Amino acid sequence: MPTWWPPARLLHTSVSVGERAGGEQAGGGPAPGGKSSFVGVSWNKSNAAWEVQLWDAEAKRKQYIGTYASEEDAARAYDYKAMEMYGPDCTKRNFPGELIGERPVSLGDKPRERKSSRFNGVSWHKARKTWQAELWDPDTKRMQYIGLYHSEEDAGRAHDWAAVKLHGPDYTKRNFPNEVISEPPAARGRKH
């Protein structure tokens with residue numbers, strides 16, 4: 001628990017307009033890899049992005065807010081969350097003269113390439129960059145490998161075919177319950 005940032009100090013510290021908490025003028029600042037003079041903002045080497053954290057008085061710990069591409073977006077995100085947590089009386093802000101509109105978009109908020117499947121028994125095989133179908137076998141108590149497929153839907157159909165073969169036509173966790181799958185889709189690569 002940091003003793004350098006109690007909530008009382010958060011509410012009673014002021015920063016003049018256009019000036020950062022460290023005393024530098026807004027707009028300049030260190031290149032990525034340096035320390036930020038904005039309050040609550042630091043450079044995260046592993047993510048190669050600006051990270052925002054804010055002291056949460058109720059939880060008595062730092063609260064992670066997000067990572068941002070630009071230092072100023074990170075500082076505005078800090079201000080947004082500080083105002084949300086401590087209200088309009090919060091004076092320890094990076095841009096005290098600015099009205100806070102919307103929270104800047106975090107790198108974590110941006111849509112990412114989907115790595116998991118929407119189908120049962122289907123996952124993305126990262127090394128082979130293809131979809132993999134598997135099925136739980138209750139007799140052996142292990143996942144049974146079905147194969148690798150070019151499309152997520154083919155992997156889902158392969159899972160259904162193997163599930164019906166193993167559990168019977170009344171198996172309820174099928175991906176395509178209204179389809180009758182007489183043959184599995186052609187697998188990509190070799191079958192293990």
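The values are calculated or read from the model by the stated rules, or taken from the named source; none is laboratory data. Since the model is a prediction, treat every value here as computed from it, not as a measurement. Neighbour counts run over all protein chains shown; Cβ positions are idealised from the backbone, glycine included. The accessibility values were calculated without ligands, DNA or RNA, using every heavy atom of the protein model including side chains. Shrake-Rupley method; radii C 1.70, N 1.55, O 1.52, S 1.80 Å.
Residue by residue through the stretch 146-162, note down the ones that are of a type in the set (Asp, Glu), farther than 21 Å from Ala127 by Cβ and open to solvent by 20 Å² or more (accessible area, probe 1.4 Å).
Glu153
When you scan the stretch 177-184, do you find a residue that is surrounded by 14 or more Cβ atoms within 10 Å (Cβ to Cβ) and at pLDDT 90 or above, even just one?
no
Quick one: how many residues across the stretch 121-139 are farther than 12 Å from Ala187 by Cα and either small (Gly, Ala, Ser) or open to solvent by 70 Å² or more (accessible area, probe 1.4 Å) (or both)?
Counting residues in the stretch 121-139 that are farther than 12 Å from Ala187 by Cα and either small (Gly, Ala, Ser) or open to solvent by 70 Å² or more (accessible area, probe 1.4 Å) (or both) gives 8.
Can you pull out every residue in the stretch 56-80 that is in contact with a Leu (Cβ under 9 Å, 6 or more places away or on another chain), of a type outside the set (Gly, Ala, Ser) and farther than 16 Å from Ser36 by Cβ?
Gln63
Which one of Lys81, Lys60 is over 22 Å from the mean Cα position of the chain (by Cα), open to solvent by 30 Å² or more (accessible area, probe 1.4 Å) and modelled with pLDDT of 75 or more?
Lys60
If a residue must be among the polar types (S, T, N, Q) and modelled with pLDDT of 80 or more, how many such residues does the stretch 44-57 contain?
2
Taking the residues in the stretch 23-43 that are modelled with pLDDT under 85 and not in a loop (DSSP other than H, G, I, E, B) as candidates, determine which candidate is most open to solvent (accessible area, probe 1.4 Å).
Gln25
I'd like the full set of residues that are charged (D, E, K, R) and touching a strand residue (DSSP E or B) at 6+ places or on another chain (Cβ under 7 Å), limited to the stretch 132-153.
Of everything in the stretch 132-153, those that are charged (D, E, K, R) and touching a strand residue (DSSP E or B) at 6+ places or on another chain (Cβ under 7 Å) turn out to be Glu134, Asp137, Glu152.
Could you tell me whether any residue of the stretch 101-120 is touching a strand residue (DSSP E or B) at 6+ places or on another chain (Cβ under 6 Å) and modelled with pLDDT of 90 or more?
no
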